[in-house]
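The values are calculated or read from the model by the stated rules, or taken from the named source; none is laboratory data. The model shown is predicted, which means the values in this text are computed figures rather than measured ones. Here Cβ is always computed from backbone atoms with ideal geometry, including for glycine, and neighbour counts include all displayed protein chains. Heads up: the accessible areas ignore ligands, DNA and RNA and are worked out on the full protein's heavy atoms, side chains in. Shrake-Rupley method; radii C 1.70, N 1.55, O 1.52, S 1.80 Å.
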Amino acid sequence: MAALCESFTLGGLGPSGGVGLGSGLLALEPGPDPDHVLLTDRGRTATLFKVSDQKPLGCWSVKHGQILTCPVVCNFETREYIAVHDDKVLRIWKNKDINLDKVFKATLSADVYRIHSLPNGGPVVLFKGGGVRTLDVLLEAPQQEIENIISDEVIKWSEAFMEGQQPVLIFATEKDEDFFVYVQKVKMNSLHKYKLEQQEPSKPLHFTAYIKNKIITLLCLYSNDSVYKVLIPLQQNTGEEEQILSKSLLLNLSVSGTVLKGTSFVVLDKDHVAVLGSLATSGEESKECLTIWNTKFQTLQTSKELPLGTSGQLWCYEEKFFFTHGKVLTVIMYKCETSSLAAAVGKLKDNQTPDVSSFIDWNTLGDEELVVSFQSQQSVALKSESRMTLRSKRNTAAKVQPDSLSVGQLLLNLKDASTTVFEDELRQLLSKAQMPDLQATIGCVLTALINRCKTNPKYYPRNFLLQIVQTRDLSYSLCPDLMAVALEKKDVHLLQVCLQRFPDIPEEITYACLKLFLSISEAYLQRIDVNLESVVCYIDVELNNKEVKTEIVENGFNAELEQDIWDTQITKETHRAPDGEFCPVGPQKAALLNAVLHSAYSETFLLPHLKNLPAQQAILFLRYLYYLYVKCSEKINTTLPGTRSPTINQIMDWMCLLIDAQFTVMVMLPEAKDLLSNLHKFVRAQVRFYSELNKIEGSLRELQRLNHQKDSQTYSIEVLELI
């Protein structure tokens, strides 16, 4: 039994979408850790992503005019990254490196087709002429001559495995519509050439392979909508130059007259393959979809329609599918269980029937799709369950209680229920803390609430949603539409909590929250319940027109001595910093902006959005950041008091990012001139102050050393001159 589970977006493919792969995705490779993947675009950029957080950890680009010509890979032994640009130029770098012009460079003597990195075997380099070298051997003499093995043939695909301690490389080539397969044991320099059995008029479109018990199983997706299997033993008689490989039909990609035109596929286990392609039914327009097939019993296990289209590429790592869908890179998790005839035809027993909540993407399915997907996922298994239920009714004359229903069935039953019944049932569902898949259940409940909000604009269970977010360990990807609806409803309190608790919020949503917070009036915010714990310790909060001073000031500043000054200058809606600068926002808006400052982001992907921030909002935000910067500078440890207060690093990072995004606009606006001038003067004064401290650092250390050498019991007076 195999099934598709929840999905989420790893990033956009355009410059404004996040991943920056506007020219298309060249390849996706595993990163240094199981939760990391390396994305290489068809231009000059490679990006390292942490999949669970949906966040980039690093991004590297070759300079303009250069092009990455094969996928970037990770050397798992050294945790270094290896790239080839312009076919022959090899680059090697580490995480800490930023500028690829300054990293290791080697120019090779032949064009590289691909680099394969093996966890226990190191990187293996395959050249376009068929020559193979390990990276260590290649680096000993980068200009060494590389033999040309395949003459006029063109490499179409390659893969590498470990057989014991021996790296094994396999690649397929084409020449005059004939296809050849080469198998090379890298360290033994043993090469075997085979010819694929022809099958007119079809030809192979895509290959994949795996090795087991010293036998390579090569799977070929042909243009006749079939998958064929070829077995290649590693132990071969070296006397025979070329053998013809016979193939056997593994899978026919058609079900009840519907044919899947596959473009790429991957092996999931010994009985399951996943195929990406277009389903073509006579008289209907073809639809792109992702499918999982059982090769043992020749059955389609599950499928997911992809209406926005794909690039035809499919990757699979750590039980996750990766593919482009429209303008985003999508990740779908899957499950594969032991293959059995009952599972293949949907006749598993009731206790083996999985909960539909594990198999459906609750974030994208509407009510109609939910019913169809539910039926397709459970297939005949639900019919079997129904028959057993009927037999139980005949025996006991009792109804099936709601507690025995799966999450998916319960949500379907509640689709038309009244608001009160609907929320009560969902609360009962959440109260079952010992459920086997609590996270998936919470995701289902949130999605059900959001779907009802969409269908009924007057319905918005603010308190229920807030309770779920505050009491559960959630993430943005579990229900992406939640924050979108909160933005639409201008529910700033819920957005504040989401920003504080969700670790994987996309930069686009973070920007939307920032824009909303800056645009809402102070008068409106004073009527809204906002968590002020991040500001009460450094902003004077007025209650019933009476000032309450809660600030603890350090570093030589005494609020009591300055009280007379502030008493005549503080108004109802503004608050002064010790240097005379007003706090440009009230405490409610400040608390909301602090939540934005705490959210995780990537500068590369947030910068394009900040460029669209209206000029007046950008100036207001910069004024607040400047206010925080001055506040932090008052403290000896440059730390604001209070809970969840912004750190000096967060303030500086956002200030620099905002100025980078809005610099041209701010230079042109007269009202920004004084702000930029004051900021410049303040930073310059701090630089001078720290420069003076650095000058006496050596003298202070020498004084400390001398004090340690003196006898503390001897009285003396000494004069030390600090130079």
Could you sort the peptides 136-147, 247-258 by per-residue average Cβ neighbour count (10 Å cutoff), highest mean leading? 247-258, 136-147
Using a simple spin-label model with points 7 Å from Cα along the Cα→Cβ vector, what separation in nm is obtained for Asn612 and Arg644? 2.7 nm
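Quick check on packing: order 678-688, 609-619 by the mean number of other C-beta atoms within 10 Å, highest mean leading.
Numbers: 678-688: 12.6, 609-619: 17.3.
The peptides rank, most packed first, as 609-619, 678-688.
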Enter the accessible area of Leu219 (Å², nearest 10), with the probe set to 1.4 Å and all protein chains included. 10 Å²
Which whole-number percent is the relative contact order of the stretch 24-149 (Cα, under 8 Å, 6+ apart)? 16 percent
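At a Förster distance of 22 Å, what's the computed FRET efficiency of Phe689 paired with Met652, Cβ-Cβ distance as r, to 0.05?
Values: r = 16 Å, r/R0 = 0.74.
Step by step, r from the Cβ atoms, then E = 0.85.
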Between the stretch 597-611 and the stretch 280-325, what is the C-alpha centre distance in whole Å? 33 Å
Sticking with the crude label model, points 7 Å out along Cα→Cβ, report the distance from His598 to Lys94 in nm, one decimal please. 3.4 nm
About its Cα centre, how strong a charge dipole does the stretch 24-149 have in debye, to the nearest 20, once Lys and Arg get +1 and Asp and Glu get -1 at the Cβ? 380 debye
Given H placed on each backbone N at 1.01 Å, which residues far from Ala27 in sequence or on other chains put an amide H within less than 5 Å of it? Thr40
Are any of the pairs Lys229/Lys327; Lys261/Lys304; Lys128/Lys195 more than 22 Å apart by Cα-Cα distance, and if so, which? Lys229/Lys327
Karplus-derived 3J(HN,Hα), 6.51/-1.76/1.60, for each residue of the stretch 501-511, Hz, glycine and proline x: 10, 8, x, 10, 6, x, 4, 4, 6, 4, 5
Point-charge dipole on Cβ atoms (K/R +1, D/E -1) for the stretch 68-214, about Cα centre, debye to 20: 580 debye
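Could you sort Cys656, Cys316, Cys70 by their accessible area in this structure, using a 1.4 Å probe and putting the largest first? The partial results should precede the final answer.
Working: Cys656 70, Cys316 35, Cys70 0 Å².
Reading off the accessible areas and sorting them downward yields Cys656, Cys316, Cys70.
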Taking amide H atoms as placed 1.01 Å from N in the peptide plane, list the residues 5 or more away in sequence, or in a different chain, whose amide H sits under 5 Å from that of Leu205. Leu221, Tyr222, Ser223
The stretch 475-533 and the stretch 36-98: distance between their alpha carbon centers, rounded to Å: 34 Å
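Evaluate E = 1/(1 + (r/R0)^6) for Lys327 and Ser256, where r is the Cβ-Cβ distance and R0 equals 30 Å; express this FRET efficiency to the nearest 0.05.
Working: r = 33 Å, r/R0 = 1.10.
Taking R0 as 30 Å, the efficiency between Lys327 and Ser256 is 0.35.
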